[in-house]
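Participant: Just dropping this structure here.
Quick note: the coordinates plus some simple rules give every number you see, no bench work behind them. These figures come from a predicted structure and were not determined experimentally. No Cβ is skipped: glycine too gets one built from the backbone with ideal geometry, and neighbour counts run over all protein chains shown.
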Amino acid sequence: MPDIDLAARTRGALWGTACGDAFGMPNSFLKELPWLTEMKPGPENSPYHAGYAAGRITDDTEQAMALTEALLEGFSAESVARHLFDWFVSVGGKDSLAVGPSTMRAMLAFEAGTPLSELGKTGVTNGSAMRISPIGVFAALSGAGTAGFLDLVETACRPTHHTSPAISGSAAVAAAVKAAMEGAAWDDVVAASVEAAELGTERGNWIYCPDIGAKIEWACGLVADLDSEEAVADTVSRLVGTGEPCTESVPAALAFSHWAKGNPEIAIRIAANSRGDTDTTAAMAGAICGAYSGEDAIPAEWREIVGRTNDLDVEAWAKKLETAAG
């Protein structure tokens, strides 16, 4: 396993989230897509990101930063909802193309005064998993045990995705980030993800879905003997699925990360060149692999363009998480 200090892993997880998000942004939900080898602007035919500059982040990273602000306030479902709503307003509210379906429903309900306990009862998409990386980082920095870790994940999900599928998927991603932050060997990172996915099914409003932990194991096995990035992207897109359901995108992100063996550059590139929700799968894979391999494993030119385009100070973001963790 890489010998990397905790601060570099923290920044790696955050840069991985942002760079994966930005690298995958142009191909998101396109029918025909080019094989990306560098940051590109959102194309004119993009359903969500037309006109975005190369290197621009999307809701994945923006909501992850909102979670960080909630962590600084002691972290409650109320603070998560409030910071997500502030973000929702900032991107245009109900008229925005930048808001996923479950989060859109929840934020409109929040604005209408719906009780917090009712907001996220139907959210099964990947909107909570895409933003969860700061929770994995915080859990590692604060030494959270299993129950405390799951409480953190559930709180992060509650306002928009308080369902067993979404919590399972979010726990899987956050646990992989946490294990990577703690210096686990790669196979143990995957095992932590599978275990957390199983535990997450016991939280939130139960809704039937395929077993995310089992799908992670299957997806990682599926790609193990493939011999190219193109084959991995194609196989996972066709068989595992890379769309908005967390039952697709979370196992896909773990499969991309597994084939890359924790290398964020490779994992992000494969995820960005898959199909469907490319910015989200790349953000999740980038977070996991960035935590595992550290910030220096993410190309410096990627970090430069994402930092410049979004005025993103990852050093300051990391310091907020360190402060929140005490």
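Participant: Filter the trypsin sites (Lys or Arg not before Pro) in the range 1-100 to those in DSSP coil with at most 11 other Cβ atoms within 10 Å of their Cβ, and list the result.
Facilitator: Values: sites: Arg9, Arg11, Lys31, Arg56, Arg82, Lys94; in loops: Lys31, Arg56.
Answer in residue order: Lys31.
Participant: Report the rotationally averaged projected area of the range 60-132 based on its alpha-carbon convex hull, in square nanometres. It would help to have the intermediate numbers written out before the result.
Facilitator: Numbers: hull surface 17.7 nm².
Mean projected area for the range 60-132: 4.4 nm², to one decimal.
Participant: Identify, among Ser117, Thr61, Ser46, the residue whose Cα sits farthest towards the positive end of the charge dipole of the range 12-139, taking +1 on the Cβ of Lys and Arg and -1 on the Cβ of Asp and Glu, with the dipole about the Cα centre.
Facilitator: Of the listed residues, the answer is Ser46.
Participant: Describe numerically, in nm with one decimal, the distance between label points set 7 Å from Cα along Cα→Cβ at Glu202 and at Ala214.
Facilitator: 1.9 nm
Participant: Using a Cα-Cα cut-off of under 19 Å, which lysines could be cross-linked to Lys261, ignoring same-chain neighbours fewer than 8 residues away?
Facilitator: Excluding near neighbours in sequence, the set is Lys178, Lys215.
Participant: Same structure, new question: Rounded to whole Hz and in sequence order, give me ³J(HN,Hα) for the range 273-290 from the Karplus expression 6.51 cos²θ - 1.76 cosθ + 1.60, θ = phi - 60°, writing x for Gly and Pro.
Facilitator: Taking θ as phi minus 60°, the curve returns 10, 8, 10, x, 7, 5, 5, 6, 4, 5, 5, 5, 5, x, 5, 5, 6, x Hz for the range 273-290.
Participant: Among all the lysines, which ones have a C-alpha under 22 Å from Lys121's C-alpha, if same-chain residues fewer than 8 places away are not counted?
Facilitator: Of all the lysines, those that pass the test against Lys121 - Cα under 22 Å, at least 8 places apart if same chain - are Lys94.
Participant: If you don't mind, there's one more thing I want to ask. Which of the GluC sites (Glu not before Pro) found in the range 68-138 are loop residues per DSSP with 11 or fewer other Cβ atoms within 10 Å of their Cβ? It would help to have the intermediate numbers written out before the result.
Facilitator: On the way: sites: Glu69, Glu73, Glu78, Glu111, Glu118; in loops: Glu73.
Passing both the DSSP loop test and the Cβ count: no residue.
Participant: Could you compute the net charge surrounding Asn310? Neighbours are other residues with a C-beta less than 13 Å from the C-beta of Asn310; K and R count +1, D and E count -1.
Facilitator: Working: positive: Arg56, Arg303, Arg308; negative: Asp21, Asp59, Asp60, Glu62, Glu304, Asp311, Asp313.
So the surrounding residues net to -4.
Participant: Follow-up. Roughly how big is the chain's charge dipole about its Cα centre, with Cβ charges of +1 (Lys, Arg) and -1 (Asp, Glu), in debye to the nearest 20? Please list the in-between numbers first.
Facilitator: Working: 22 positive and 44 negative charges, 112 e Å.
Dipole about the Cα centre, nearest 20: 540 debye.
Participant: Quick one, what does Rg over Rh come out to for the range 172-326 if you take C-alpha atoms and the Kirkwood Rh?
Facilitator: Details: Rg = 15.4 Å, Rh = 15.8 Å.
So for the range 172-326, dividing Rg by the Kirkwood Rh gives 0.97.
Participant: Another question about this same structure. Tell me, what is the Rg over Rh of the chain, with Rh the Kirkwood radius over Cα pairs? Provide the component values of the computation, followed by the final result.
Facilitator: On the way: Rg = 17.2 Å, Rh = 18.6 Å.
Reported Rg/Rh, Kirkwood definition of Rh: 0.93.
Participant: Under the Karplus relation 6.51 cos²θ - 1.76 cosθ + 1.60, θ = phi - 60°, what is the ordered set of whole-Hz ³J(HN,Hα) values for the range 291-304, x standing for Gly and Pro?
Facilitator: Karplus-based 3J(HN,Hα) across the range 291-304 equals 5, 6, 9, x, 5, 5, 7, 9, x, 4, 5, 5, 5, 5 Hz.
Participant: What distance in nm separates the two pseudo spin-label positions at Leu239 and Leu226, each 7 Å out from Cα along the beta-carbon direction?
Facilitator: Result for the modelled spin labels: 0.8 nm.
Participant: Between Asp151 and Glu73, what FRET efficiency follows from the Cβ-Cβ distance if R0 is 25 Å, with the result rounded to 0.05?
Facilitator: After rounding, the FRET efficiency stands at 0.95.
Participant: Need the list of lysines near Lys31 for cross-linking: C-alpha distance under 22 angstrom, and skip anything on the same chain fewer than eight residues off.
Facilitator: Lys40
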